[in-house]
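The numbers here are math on the coordinates, done by the rules we state, and not lab data. Just so we're clear, the structure is a prediction, and the values are computed from it rather than from any experiment. No Cβ is skipped: glycine too gets one built from the backbone with ideal geometry, and neighbour counts run over all protein chains shown.
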Amino acid sequence: MTAASPAADGGDDVPDGAPPGRRFEPDLRSMTRINLRPIASPMPLGFFTIAIASVMTGSLQLGIFEEEARAAVAFCVLPAFVLQLLVSFLAFGARDVIAATLMAVFAGSWLPYALVMISGAADGLRVLGVFNLALLCFGALMTAVTRPKRALWFVLVVSLPRWAATGLAGVTGAAWLTRASGALGLVVALVAMYTAFALMLEDMRSEQVLPIGRSGPAHLAVEGDLSVQLRNLERQAGVRRTL
């Protein structure tokens with residue numbers, strides 16, 4: 001009596017020339033469905049949050065507010081942590097790891113600032129100075145991968161000198177660096193405000209109204225057809241087996 005083949009038993013198909021006794025999975029592509037859930041872009045909220053928080057902290061550094069207003073400014077900045085964390089969560093869901101990472105780090109930068117200012121912790125400004133220098137290193141690395149996303153890239157480019165000035169001001173205590181950081185904070189606010197407004201107009205009209213300067217994959221994500229968006233989808237995080 002001869003043994004029946006796996007195919008005869010209703011098992012998996014065995015390719016020609018395959019070693020005996022080895023199990024082969026069937027091609028699952030014909031029976032696989034990947035469901036995508038469209039969401040509204042969270043990026044305008046993220047950029048508006050950066051703009052408002054930068055205005056508040058920059059005004060304090062420029063001396064528009066008195067030193068006694070530190071806690072009040074910190075309370076105004078604290079919601080930025082929650083809002084940008086929400087933006088990061090939604091960006092991860094939209095499979096945009098660059099935007100999600102950047103917004104999460106921005107969120108993480110507002111929380112320690114607010115807590116240090118509210119608590120009046122000893123040597124808090126020096127600690128925040130080192131923290132901002134660490135953010136400077138992060139931002140320098142991020143600029144290398146965000147260039148096709150010009151909206152994120154421009155906000156990062158103007159944030160880098162501000163992080164540098166804030167960090168050095170905290171470490172050295174130089175008043176002119178503090179004022180320079182405040183002025184740069186207002187520049188960051190202007191760039192972030194413009195970017196947020198341009199993205200909102202684009203989303204409302206389904207076309208670019210104000211120039212943002214996308215290129216490469218970021219440009220194809222908006223101008224390309226659906227086949228471009230689904231390319232290599234099976235290899236993306238959340239679909240493949242491991243990260």
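Step by step: find N for segment 74-163, compute 2.2 N^0.38 Å, then divide the Cα radius of gyration by it. What's the final number?
So the Cα radius of gyration is 1.13 times the expected 2.2 N^0.38 Å.
Modelled label-to-label distance, residue 157 and residue 75, 7 Å Cα→beta-carbon offset: nm?
Computed distance between label sites residue 157 and residue 75 equals 3.9 nm.
Starting from the 7 Å offset along Cα-to-Cβ, what nm value, one decimal, do you get for the label separation of residue 122 and residue 97?
4.3 nm
Take residue 147, project a point 7 Å from its Cα along the Cβ direction, then tell me which residues of segment 94-128 have their backbone nitrogen under 18 Å from it.
Residues passing the 18 Å test: 98-99.
Go ahead and run the numbers for FRET between residue 68 and residue 176, Cβ-Cβ distance against an R0 of 25 Å, rounding to 0.05.
0.70
Which GluC sites (Glu not before Pro) in segment 39-95 sit in a loop by DSSP (not H, G, I, E or B) and have at most 14 other Cβ atoms within 10 Å of their own Cβ?
66
What chymotrypsin sites (Phe, Trp or Tyr not before Pro) in segment 84-143 are in a loop by DSSP, with at most 10 other Cβ atoms within 10 Å of the Cβ?
none
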